[in-house]
Amino acid sequence: MGTRSPHVMKENRIHKFVGDQLSRWPLACDNFRALKNVRVREVEVGGLTVKLQFNPARMISSAAKLNKEDISRRKCFLCRENRPDVQTFMKFEGRKGKKYHILVNPYPIFPDHLVIAMNRHVDQSIWHRYVDMLDLARKYPDFTFFYNGPRSGASAPDHHHFQAAPGGLIPLVNDVDRLFAGTDDKGKTSLCGADGVAWHEAPIASIQDAHLYHYDGFTTGVFVLRAETVKSAAKLFYRLLDCADIPEGEKEPLFNLFSYWKDGEFRSVIVFRSRHRSHHYFSDGPDHLTMSPGCADMGGVFIVPVEEEYEKLSPELLGDMIREVSITDEEQNRIINRLTRTQPRLHVGIMSAKEIEFEILSDGAGARKAVMREGKIEYDGALYDELYFEEQNPSTMFAEPSFILHGVTIGVNFHWERREDQKFAGALKIIVENGMLTAINVVGVEDYLLSVISSEMNATASEEFLKAHAVISRSWVMAQIAASGAHKHAEVPEDINNVPSLVSFLDSIRAVEDKAQDDLNVEYVKWYDHEDHRNFDVCADDHCQRYQGLTRATGQTVRKAIDSTWGQVLTYDGELCDARFSKCCGGRMEKFSTCWDDVDMPYLQPLADTPDHSSGECFCDTQDKEILSQVLNNYDQETVDFYRWTVEYDRDELSELVCRRSGINVGRILEIVPLERGESGRIYKLMIVGTEMILTVGKELEIRRILSETHLKSSAFDVEYKDDKIVLHGRGWGHGVGLCQIGAAVMASKGYTYKEILEHYYPGTEL
């Protein structure tokens, strides 16, 4: 005599458990007996043949009040202490010690209808529990397990639970299985991947043995996952959830989920939702429906608790309800785009030092150290030319932290300079450069922007302003990547000084011939740019864009702004724009050549920061604390005057400062004379007359550097002499080229879209 398979024995055990419960529990027995006589009819909705079930016993679930106040006032019927004494349970242990009770559902939709509830009172949530659902499916392969999200049909959103029913009873799942076997009975393939190709040929996303497909029948937002292992299935499932929008105040997207074991693999069907109930539920008119669609309904078994409604339901009315609670085509396409999109990789120079201390988060080994030794990298007892630690879990959304760098200096030479430990996404690369070790973060451009946008301004800024900044920061860095590809292999001119730090600059100091004063006139011209980094694309400090890894990457608004503009860049005549920006233009923008190389771009024009670029109140002339707090991080708010400002120096104080900052002794300063200005009033050539010599300084940033302990707010200033004092009356904060951050924030507060903001500051450009 043969033996029965383990899974048959397990299914028989469940069937016996249900039978024992019904023999002892009159309420459940009556409802299960009534289930055999419920009226059922079939209609076709969206190409799927679905079932309508007239089931008055389900009124308790369909009409349940699910707001937080009502839930808090009732006793949780899934908690053990609140269940009837007659209700017993089978035990199931999930991963990491999670314990569940398998219960008979006393208000069934299906034969052997089960509820699998956590043994303690915790909110309904799929995070970290999907693997338990798959384990249940593997243990009981003749059942289909399903999950209602807390706002997607769960009658107990305050207590985590799954449900289960015998396989073969859910039309949507059955259709998926038919499609896996080939085509449906009409010869039509509805399960598809990219470009409408059949699912088995083109999954839209894969992780190892797990594959994800889009089901294009019945309703929008349906995805199908198949996998051989729990691990890969879970990775792909949570990646899918990451790509869906999460409503404000919720912990997960709105969705229903079916999981089961079939033909030697795990299968899951995910149905994304826009809401729990359609307008029909709240209507007082003839279109009223007392229906609260949950898993059963979204799987094609519609539970109708009112006979009159059962009789009047038509495919059209049912289709209207389903479309209303489903996500839109636009939302569905956004999920697919997030699953399939890519991002270019960027090399960011973070820090240089003789020793670099770091942690790789994936291995949990703690702090490590790389040391400069004999022209190589000493690490873990061996010498290397280069170290490279790859990220473990690349994503089409935003990456998680992968390593920590200790003692990173931020705000080099600025008033807020400080050291801190920083977390980064992406890969860590350590190289030897100019007698030092340099740490480089290899990271996706969009992950890079997550930090830049949160660091260059407050992460709580308005969404349209953040979108505008995402576009210009992306445009600028993509231009740097393009430029770095060209210059990395070019010959380095002998007259270019590549400073052994992360801030490289072009430097030219030359004597000016003067017959009368040969040695007393010196011209000192220095301009800073970003195109001469030799071993990485950009640096992490303000000289490029302020980048602090995930240490400053905060706020869902920032993520939303980057996500919604993913890949968008500014172009002019088909070329990437060098989209510069500063904190405050001071009322008028400046042209490129005033601050950098002697070239100009048509989209970086010296225009007034007013609604029509000609007259009226300047956008950046504001003292609104709420707006300023959007633009400025805490340490930036240490600077309170920027649209108009005044700095006063004692002559001797300023003389010592100029000598120290320039390395040139001009003596006691007698006079400061602007020689050449840009159209915004920014000085790009300044003469400093001292008792020992005359020093001519340029360009804009070097003038600011020499006249301050850190950086003068702007070179747009006028000079006043007051007794033994030299007073500078200035305008703006920064170079003033391109977008004015404070002005853009004001524009956003006035209702301008991010596209209108970009057109204002970069006229003639295209997205």
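The values are calculated or read from the model by the stated rules, or taken from the named source; none is laboratory data. Every value quoted in this text rests on a predicted model; they were computed, and no experiment measured them. Here the Cβ is made from the backbone with ideal geometry for all residues, glycine too, and neighbour counts use every protein chain on show.
For region 98-113, the tally of residues that are in contact with a Phe, Trp or Tyr (Cβ under 6 Å, 6 or more places away or on another chain) and closer than 21 Å to residue 130 by Cβ stands at 4. In this structure, is residue 701 at pLDDT 95 or above and either within 24 Å of residue 607 (Cβ to Cβ) or over 44 Å from the mean Cα position of the chain (by Cα) (or both)? Considered against the rule, which asks whether it is at pLDDT 95 or above and either within 24 Å of residue 607 (Cβ to Cβ) or over 44 Å from the mean Cα position of the chain (by Cα) (or both), residue 701 comes out as no. Can you find a residue that is free of Cβ contacts under 8 Å to residues at least 60 places away in the same chain, of a type in the set (Val, Ile, Thr) and in a strand (DSSP E or B) anywhere in region 216-231? Looking through region 216-231, at least one residue is free of Cβ contacts under 8 Å to residues at least 60 places away in the same chain, of a type in the set (Val, Ile, Thr) and in a strand (DSSP E or B).
Looking only at residues of region 241-297 that are of a type in the set (Lys, Arg) and over 22 Å from residue 397 (Cα atoms), we find that the one that is nearest to the chain's Cα centre (by Cα) is 275.
Just one of (1) surrounded by 15 or more Cβ atoms within 10 Å (Cβ to Cβ); (2) of a type in the set (Asp, Glu); (3) modelled with pLDDT under 90 fails for residue 195. It is (1). Taking the listed residues 350, 360, the one that is in contact with a strand residue (DSSP E or B) (Cβ under 6 Å, 6 or more places away or on another chain) and within 28 Å of residue 568 (Cα to Cα) is 350, with no other qualifying. If you check every pair at least six apart or on different chains, which have Cβ atoms under 6 Å apart with a residue in region 710-721 that is buried (at least 24 other Cβ atoms within 10 Å of the Cβ) first and a residue that is of a type in the set (A, V, I, L, M) second? Filtered contacts from region 710-721: 715/683; 715/703; 717/728. Does any residue of region 112-132 turn out to be part of a helix (DSSP H, G or I), under 22 Å from residue 295 (Cβ atoms), at pLDDT below 95 and among the acidic types (Asp, Glu)? Looking for residues that are part of a helix (DSSP H, G or I), under 22 Å from residue 295 (Cβ atoms), at pLDDT below 95 and among the acidic types (Asp, Glu), one finds none in region 112-132, hence no. Exactly one residue out of 244, 296 is at pLDDT 90 or above and more than 28 Å from residue 168 (Cα to Cα): that is 244. Screening residue 568 against (1) modelled with pLDDT of 90 or more; (2) crowded, with 20+ Cβ neighbours inside 10 Å; (3) under 15 Å from residue 479 (Cβ atoms) leaves a single unmet condition, (2).
Any residue in region 722-734 that is part of a loop (DSSP other than H, G, I, E, B) and closer than 15 Å to residue 642 by Cβ? Yes.
Under the condition of being in contact (Cβ under 8 Å) with a residue 12 or more places away in the chain and in contact with a Leu (Cβ under 9 Å, 6 or more places away or on another chain), the residues counted in region 362-374 number 3. Residues in region 149-161 that are at pLDDT 95 or above and out of contact with any Leu (no Cβ under 7 Å at 6 or more places or on another chain): 160 alone. How many residues are out of contact with any Pro (no Cβ under 7 Å at 6 or more places or on another chain), closer than 30 Å to residue 311 by Cα and assigned to a loop (DSSP other than H, G, I, E, B) when one looks only at region 241-297? So the count comes out to 16. Number of residues in region 440-455 that are surrounded by fewer than 24 Cβ atoms within 10 Å (Cβ to Cβ) and either over 15 Å from residue 544 (Cα atoms) or in contact with a strand residue (DSSP E or B) (Cβ under 8 Å, 6 or more places away or on another chain) (or both): the value is 3.
In region 740-754, is there at least one residue being in a strand (DSSP E or B), in contact (Cβ under 8 Å) with a residue 12 or more places away in the chain and not basic (Lys, Arg)? Looking through region 740-754, at least one residue is in a strand (DSSP E or B), in contact (Cβ under 8 Å) with a residue 12 or more places away in the chain and not basic (Lys, Arg).
Just wondering, is there one or more residues in region 698-719 that are over 26 Å from residue 739 (Cβ atoms) and part of a helix (DSSP H, G or I)? Yes, region 698-719 has at least one match. The set of residues from region 650-693 being touching a residue at least 40 places away in the same chain (Cβ under 8 Å), crowded, with 20+ Cβ neighbours inside 10 Å and farther than 27 Å from residue 597 by Cα comprises 654, 669.
Consider region 338-368 and keep the residues that are surrounded by 14 or more Cβ atoms within 10 Å (Cβ to Cβ) and of a type in the set (S, T, N, Q). The one that is nearest to residue 541 (Cα to Cα) is 352. Filtered by the rule that a residue be assigned to a loop (DSSP other than H, G, I, E, B) and modelled with pLDDT of 80 or more, region 630-656 gives 642, 643.
Mind telling me which of the residues 413, 393 ends up being surrounded by fewer than 18 Cβ atoms within 10 Å (Cβ to Cβ), over 30 Å from residue 563 (Cβ atoms) and either at pLDDT 90 or above or of a type outside the set (Val, Ile, Thr) (or both)?
It is 413.
Consider region 234-267 and keep the residues that are within 26 Å of residue 325 (Cβ to Cβ) and small (Gly, Ala, Ser). The one that is surrounded by the most Cβ atoms within 10 Å (Cβ to Cβ) is 259. Scanning region 203-213 for residues that are in contact (Cβ under 8 Å) with a residue 40 or more places away in the chain, assigned to a strand (DSSP E or B) and surrounded by fewer than 24 Cβ atoms within 10 Å (Cβ to Cβ) yields a single hit, 205. Counting the residues of region 1-40 that are in a helix (DSSP H, G or I), among the β-branched types (Val, Ile, Thr) and at pLDDT 85 or above gives 2.
Restricting the first member to region 7-26 and to residues that are within 22 Å of residue 263 (Cα to Cα), and the second to residues that are modelled with pLDDT of 90 or more and among the aromatic types (Phe, Trp, Tyr), the beta-carbon pairs closer than 8 Å and six or more apart or on different chains are 7/140; 10/140; 11/140; 11/143; 14/140; 14/143. Take residue 229 and tell me if it is polar (S, T, N, Q) and in contact with a strand residue (DSSP E or B) (Cβ under 7 Å, 6 or more places away or on another chain). Taking the combined requirement at face value, the residue does not satisfy it. Residue 583 meets all of the listed conditions (1) surrounded by fewer than 16 Cβ atoms within 10 Å (Cβ to Cβ); (2) closer than 18 Å to residue 736 by Cβ; (3) within 29 Å of the chain's Cα centre (by Cα) but one, namely (1).
Does residue 282 count as within 28 Å of residue 41 (Cβ to Cβ) and surrounded by fewer than 22 Cβ atoms within 10 Å (Cβ to Cβ)?
Details: within 28 Å of residue 41 (Cβ to Cβ): yes; surrounded by fewer than 22 Cβ atoms within 10 Å (Cβ to Cβ): yes.
Yes; evaluated as a whole, the condition is true for this residue.
Yes/no per residue for (1) touching a Phe, Trp or Tyr at 6+ places or on another chain (Cβ under 6 Å); (2) at positive phi; (3) surrounded by fewer than 19 Cβ atoms within 10 Å (Cβ to Cβ):
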{"position": "575", "(1), (2), (3)": "no, no, yes"}
{"position": "578", "(1), (2), (3)": "no, no, no"}
{"position": "595", "(1), (2), (3)": "no, no, no"}
{"position": "603", "(1), (2), (3)": "yes, no, no"}
{"position": "609", "(1), (2), (3)": "yes, no, no"}
{"position": "616", "(1), (2), (3)": "no, yes, yes"}
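Pairing residues of region 82-104 that are farther than 14 Å from residue 136 by Cα and β-branched (Val, Ile, Thr) with residues that are assigned to a strand (DSSP E or B) and at pLDDT 95 or above, at Cβ distances under 7 Å and at least 6 apart in sequence or on separate chains, gives 104/114.
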